[in-house]
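Inspection log for the structure reproduced underneath, given as C-alpha cells.
Just so it is clear, none of the values below were taken in a lab; they were calculated from the coordinates. Since this is a predicted model, take the numbers as computed values, not measurements. Don't worry about glycine lacking a Cβ; one is built from the backbone with ideal geometry, like all the others, and counts go over all protein chains shown.
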Amino acid sequence: MKHTIRYVGDIHGRNAHFAIHDEKARDDGIRYIVQCGDLGVMYAPSRKDADSWRRFRDIEGRVPPDNIAKRLMRTRAQEGSGPWPVWITCGGNHDNWPRWRRVSPPEGGDGLRELAPGLFFADRGTIVRIEGVEHLFFGGARSTDAWRRIPGLSWWEEELPTKPEVELFFDRMSERSPPVVVTHDCTVDATPEGTRSIRNNNRLDDPLAKELGKVLEACGHRPLLWAFGHHHAVSRETDEHGTEWLCCGWKRDYVDVTYQIEDSVPPSVVNIETHQLDKPDLPMAPRPRKRR
C-alpha cells in the first residue's frame, strides 16, 4: 500500500501561506502535513521597536506566533468542509516553546500536544506513526538573529535542546531505529550548499548541528529519510549510507514523499516530488507599526 505525506518548511507566522498549504493539501487528498519548525513566529522588529512589539502582543492577547494557527484551525473546524489535513510540527528556533509546552499531552497518547484543532506539536524525542511510518521529532536550532530579538517576546532560550534531550534523541535513534527523522536544523554535512547559514556563520561552530552529527555517528542507525527546514532552501541529497536528506524550503515550498507500506516489511520511499504553491491572495499577518 502506498501513502503520501507532505513535508513543509518554515512559514514564520504568515497566515496566507499557512492557509494555502492547508487548502492545497485538502484538495490533494493529503491527510498529514509534517512541518519542520519555525511555524508561527514572524520575523522580529529591531530592539528599538520593542515597545511597539509589546503593544501588538497586548492588543492580540497573545504573542504573534500563535495568531497563525488558532484562528485558521478554528475557522476550518467550524466550516467543516473537509477532510482537512492534520498538521504536526517539530518546532524551530523561532517558535514559542514555553507556551507550546504548557499544553499537556493526553495520558496514554503518543505525546503530541494539541495547539489548535488539527494542529499538533511533537516535542523533542516524540515518535509518531504517520500513515504507518514512524517519525522521530527533534526540533530547535540556534538563532543567528538573536541579537535583534526580544527575550520572551520573539526569542526563547529553549530553542536549543538540553543535554538530557540530546541523550533522549540518542536513545530513540538507537532503540527504535525510526525510518524518518524530522528536525528543524540538520547536521553540518547535510547543510544545503550556498544557503545563508553558510554565508553568515561557521556551521562547524553550530552547537546543534554538531550534536546531531555526533548522535548520528554514534547511534548505529541510519534513517531512510531525514526531513528538515531552517535553511530556507529546497534540496535533496542521498548520502553514502542511503539516507535521503530533504531540506523542505520555506513559505510556499513543500515536498511530497510517497512510501510503500507492507506488513512486516520496513517502509520504503517510492517517490519524492518538490513543489511550490502559487502566491496567495490573502493578506499577510499584520506587523507592529513603528512609533513616531
Residues of the stretch 214-235 with backbone nitrogen within less than 18 Å of a virtual label 7 Å along the Cα-to-Cβ line of SER174, please, listed as ranges. 214-223
Modelling each spin label as a point 7 Å along the Cα-to-Cβ direction, I'd like the GLN260/GLU240 distance in nm, to one decimal. 2.7 nm
Could you work out how far apart the two model spin labels at ARG222 and ASP189 are, taking each label as a point 7 Å from the Cα in the direction of the beta carbon, and quote it in nm? 0.9 nm
